[in-house]
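**Student:** Dropping the structure in here first, questions after.
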Amino acid sequence: MLASAKHRFSVKEYYRMAETGILPKNARVELLNGEIIDMSPIGPYHGGVANYLTQILIAAAKGRWITAVQNPIHLNDHSEPEPDAVLLKPAQDYYRRRHSRPGDDYLLVEVSDTSLELDHEQKLPAYGRVGVPEVYREPHFNGYGSEAILRAGDDAKPSAFPDVAIDVAELLKR
């Protein structure tokens, strides 16, 4: 008896499926560990948190980074997730010729109001394996060595830019 196995799609196959219409044009999906994952619709709370973060991050950038919002990051040949926000190292072409990759980023943000299990169980380890420097901190093969739980009254500060403070109370406001 043959053991069942999953087919892992490559990034190249994933894009080909989109080009040929196998994946619907407006499908909310992302490729993670070779699997095509359906993404939840963006609700008002998720959208509002992403808007707040985007506004703060763009205002604080002052040419030090590019704020990418819901753009793919090419982790490897089988993963190209779409985090909610990424602080990217400046590039003259603004990443027009290729998607960003690990090493291009300072910080990656996932807003996990409806996707906490997927983000924690699958995305964090994938980000850690390729060395994304900050989702949590201290990336390694199994994920991250350091995590901080921030609450209302705290400020979130990217390790690469400690002068930037994001008000957690405002971020969590409903």
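The values are calculated or read from the model by the stated rules, or taken from the named source; none is laboratory data. Remember, it's a predicted structure, so these values are computed and weren't measured experimentally. So basically every Cβ, Gly included, is an ideal-geometry build from the backbone, and we count neighbours across all protein chains shown. All accessible areas refer to the heavy atoms of the entire protein, side chains included, with ligands and DNA or RNA removed. Shrake-Rupley method; radii C 1.70, N 1.55, O 1.52, S 1.80 Å.
**Student:** Tell me which residues, restricted to the range 84-103, are in contact with a strand residue (DSSP E or B) (Cβ under 8 Å, 6 or more places away or on another chain), at pLDDT 95 or above, of a type in the set (D, E, K, R) and farther than 19 Å from Lys62 by Cβ.
**Tutor:** If the condition is that a residue be in contact with a strand residue (DSSP E or B) (Cβ under 8 Å, 6 or more places away or on another chain), at pLDDT 95 or above, of a type in the set (D, E, K, R) and farther than 19 Å from Lys62 by Cβ, then Arg101 is the only one that fits.
**Student:** Looking only at the range 11-41, filter to residues that are among the aliphatic types (A, V, I, L, M), under 25 Å from Gly128 (Cβ atoms) and not in a helix (DSSP H, G or I); which one of those is modelled with the lowest pLDDT?
**Tutor:** Residues of the range 11-41 among the aliphatic types (A, V, I, L, M): 11, 17-18, 22-23, 27, 29, 31-32, 36-37, 39.
This time we only want the ones that are under 25 Å from Gly128 (Cβ atoms), so: 11, 29, 31-32, 36-37, 39.
The next check asks that each one be not in a helix (DSSP H, G or I); those that pass are 29, 31-32, 36-37, 39.
Working: Val29: 96, Leu31: 97, Leu32: 97, Ile36: 96, Ile37: 95, Met39: 92.
Restricting to residues being among the aliphatic types (A, V, I, L, M), under 25 Å from Gly128 (Cβ atoms) and not in a helix (DSSP H, G or I), the top hit is Met39.
**Student:** Among the residues of the range 40-49, is any in contact (Cβ under 8 Å) with a residue 40 or more places away in the chain and touching a helix residue (DSSP H, G or I) at 6+ places or on another chain (Cβ under 9 Å)? Reasoning before the result, please.
**Tutor:** To start, the set of residues in the range 40-49 that are in contact (Cβ under 8 Å) with a residue 40 or more places away in the chain comprises 40, 43, 45-46, 49.
Next, only the ones that are touching a helix residue (DSSP H, G or I) at 6+ places or on another chain (Cβ under 9 Å) stay: 40, 49.
Looking for residues that are in contact (Cβ under 8 Å) with a residue 40 or more places away in the chain and touching a helix residue (DSSP H, G or I) at 6+ places or on another chain (Cβ under 9 Å), one finds at least one in the range 40-49, hence yes.
**Student:** Next up: Of the conditions (1) more than 14 Å from the chain's Cα centre (by Cα); (2) at positive phi, Gln70 satisfies every one except a single condition; which number is it?
**Tutor:** That leaves (1) as the condition not met.
**Student:** Of the conditions (1) of a type in the set (D, E, K, R); (2) free of Cβ contacts under 8 Å to residues at least 24 places away in the same chain; (3) over 17 Å from Ala50 (Cα atoms), Asp77 satisfies every one except a single condition; which number is it?
**Tutor:** It is condition (2) that Asp77 fails.
**Student:** State which residue is surrounded by the fewest Cβ atoms within 10 Å (Cβ to Cβ) when the search covers only the range 147-160 and only residues that are out of contact with any strand residue (DSSP E or B) (no Cβ under 7 Å at 6 or more places or on another chain) and over 15 Å from Val49 (Cβ atoms). Outline the logic, then answer.
**Tutor:** Step one: filter the range 147-160 for residues out of contact with any strand residue (DSSP E or B) (no Cβ under 7 Å at 6 or more places or on another chain), giving 147-149, 151-154, 157.
Now drop any that are not over 15 Å from Val49 (Cβ atoms), which leaves 147-149, 151, 153-154, 157.
Working: Glu147: 12, Ala148: 8, Ile149: 5, Arg151: 8, Gly153: 8, Asp154: 15, Lys157: 13.
Of everything passing the filter in the range 147-160, Ile149 is surrounded by the fewest Cβ atoms within 10 Å (Cβ to Cβ).
**Student:** Could you give every pair whose Cβ atoms fall below 9 Å, whose first residue belongs to the range 118-133 and is surrounded by 19 or more Cβ atoms within 10 Å (Cβ to Cβ), and whose second residue is in a helix (DSSP H, G or I), counting only separations of at least 6 or pairs across chains?
**Tutor:** Val132/Ala126
**Student:** Follow-up question, since we're still on this one. Being part of a loop (DSSP other than H, G, I, E, B) and under 20 Å from the mean Cα position of the chain (by Cα) is the filter here, so list the residues in the range 153-170 that pass it.
**Tutor:** Taking the range 153-170 as the starting set, the residues that turn out to be part of a loop (DSSP other than H, G, I, E, B) are 153-154, 157-165.
Selection gives Lys157, Pro158, Ser159, Ala160, Phe161, Val164, Ala165.
**Student:** Which of (1) open to solvent by 10 Å² or more (accessible area, probe 1.4 Å); (2) under 20 Å from Gly145 (Cα atoms) does Arg96 not meet, given it meets every other one?
**Tutor:** (2)
**Student:** What's the number of the condition Pro139 fails, among (1) open to solvent by 60 Å² or more (accessible area, probe 1.4 Å); (2) farther than 21 Å from Thr54 by Cβ?
**Tutor:** Only one criterion is unmet by Pro139, namely (1).
**Student:** Which residues, counting only those in the range 1-24, are touching a residue at least 60 places away in the same chain (Cβ under 8 Å) and either aliphatic (A, V, I, L, M) or open to solvent by less than 80 Å² (accessible area, probe 1.4 Å) (or both)?
**Tutor:** Result: Phe9, Ser10, Val11, Tyr14.
**Student:** Let me ask something else. Taking Ser112, is it touching a helix residue (DSSP H, G or I) at 6+ places or on another chain (Cβ under 6 Å), of a type in the set (S, T, N, Q) and under 25 Å from Ile66 (Cα atoms)?
**Tutor:** Working: touching a helix residue (DSSP H, G or I) at 6+ places or on another chain (Cβ under 6 Å): yes; of a type in the set (S, T, N, Q): yes; under 25 Å from Ile66 (Cα atoms): yes.
So Ser112 fits the description; yes.
**Student:** Right, next: Given the options Tyr144, Tyr106, name the one that is closer than 22 Å to His74 by Cβ, of a type in the set (Phe, Trp, Tyr), buried (at least 17 other Cβ atoms within 10 Å of the Cβ) and in contact (Cβ under 8 Å) with a residue 24 or more places away in the chain.
**Tutor:** On the way: Tyr144 fails: in contact (Cβ under 8 Å) with a residue 24 or more places away in the chain.
It is Tyr106.
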